[in-house]
Amino acid sequence: KQEVTQIPAALSVPEGENLVLNCSFTDSAIYNLQWFRQDPGKGLTSLLLIQSSQREQTSGRLNASLDKSSGRSTLYIAASQPGDSATYLCATYNTDKLIFGTGTRLQVFP
Amino acid sequence: KAGVTQTPRYLIKTRGQQVTLSCSPISGHRSVSWYQQTPGQGLQFLFEYFSETQRNKGNFPGRFSGRQFSNSRSEMNVSTLELGDSALYLCASTPWGGSNEQFFGPGTRLTVL
């Protein structure tokens with residue numbers, strides 16, 4: 001049974017810092033891995049999707065990497081801004097559904 | 001292209017009642033999945049529909065059911081509501097084939113009193 005863990009659970013940083021959010025999973029037989037952002041009380045916004053055959057994906061200030069052999073993915077946020085404050089969730093897609101991690105709550109203060 | 005839409009956005013019900021939530025996927029998407037999000041359990045998979053057929057189901061009691069129509073719109077129904085059913089219900093749509101990337105709607109916030 002797939003288990004997805006995210007560390008840290010919460011993070012508070014000053015504006016401008018570069019951040020690394022971690023996601024680990026127990027079953028490496030994943031089809032893809034997706035990173036999401038969720039603002040309080042809102043739905044999920046897809047940030048990046050990494051196919052199982054890929055090592056990383058980039059979008060603007062975001063870079064996500066995937067190492068299936070070690071069961072890890074990282075989301076790198078460059079030059080953080082207050083608008084980046086949200087909960088970040090990773091999810092693996094195995095055979096039939098997304099399995100979500102518990103999320104990292106990020107606060108970026110001016 | 002319009003995103004995933006969910007109606008209603010907010011619902012307040014009392015224990016024992018039933019509720020129906022609706023989800024309209026992105027145009028051209030044929031797969032719709034439903035998830036429940038609670039502070040205690042996080043995001044959990046409910047079920048997935050593709051071409052009007054339920055393909056997968058999560059570990060939820062039979063009070064939770066769903067269906068999909070020929071236009072890919074989906075509904076989920078919860079009968080005999082319990083306090084623990086209070087949650088944010090999220091719907092996601094996926095295009096046919098490709099990466100299986102899932103696109104989420106804004107959710108329906110259900111409160112059971």
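The rows are residues; the columns are (1) touching a Phe, Trp or Tyr at 6+ places or on another chain (Cβ under 8 Å); (2) surrounded by 17 or more Cβ atoms within 10 Å (Cβ to Cβ); (3) not hydrophobic (A, V, I, L, M, F, W, C).
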residue: B:H29; (1), (2), (3): yes, yes, yes
residue: B:L46; (1), (2), (3): yes, yes, no
residue: B:S70; (1), (2), (3): no, no, yes
residue: B:G97; (1), (2), (3): no, no, yes
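The single condition among (1) away from every other protein chain (no Cβ under 12 Å); (2) among the polar types (S, T, N, Q); (3) touching a residue at least 24 places away in the same chain (Cβ under 8 Å); (4) in a strand (DSSP E or B) that B:S72 does not satisfy is (4).
The residues on offer are B:R67, B:R55, and the sole one that is part of a strand (DSSP E or B), among the basic types (K, R) and either within 23 Å of A:I50 (Cβ to Cβ) or more than 9 Å from every other protein chain (Cβ to nearest Cβ) (or both) is B:R67.
Name the strands (runs of 3 or more DSSP E) wholly inside segment A:55-110 in which the number of residues that are among the aliphatic types (A, V, I, L, M) and within 11 Å of chain B (Cβ to nearest Cβ) is 2 or more. Before the answer, list the steps.
Details: elements: A:56-59, A:62-67, A:72-77, A:86-93, A:98-100, A:104-109.
Qualifying strands (runs of 3 or more DSSP E): A:86-93, A:98-100.
When A:T26 is tested against (1) touching a Leu at 6+ places or on another chain (Cβ under 9 Å); (2) surrounded by 12 or more Cβ atoms within 10 Å (Cβ to Cβ); (3) more than 10 Å from chain B (Cβ to nearest Cβ); (4) not small (G, A, S), only condition (1) is not met.
Read-outs throughout are calculated quantities, based only on the coordinates presented, and are distinct from any laboratory measurement. Every value quoted in this text rests on a predicted model; they were computed, and no experiment measured them. Cβ sites come from the backbone with ideal geometry, for glycine too, and all protein chains shown count toward neighbours.
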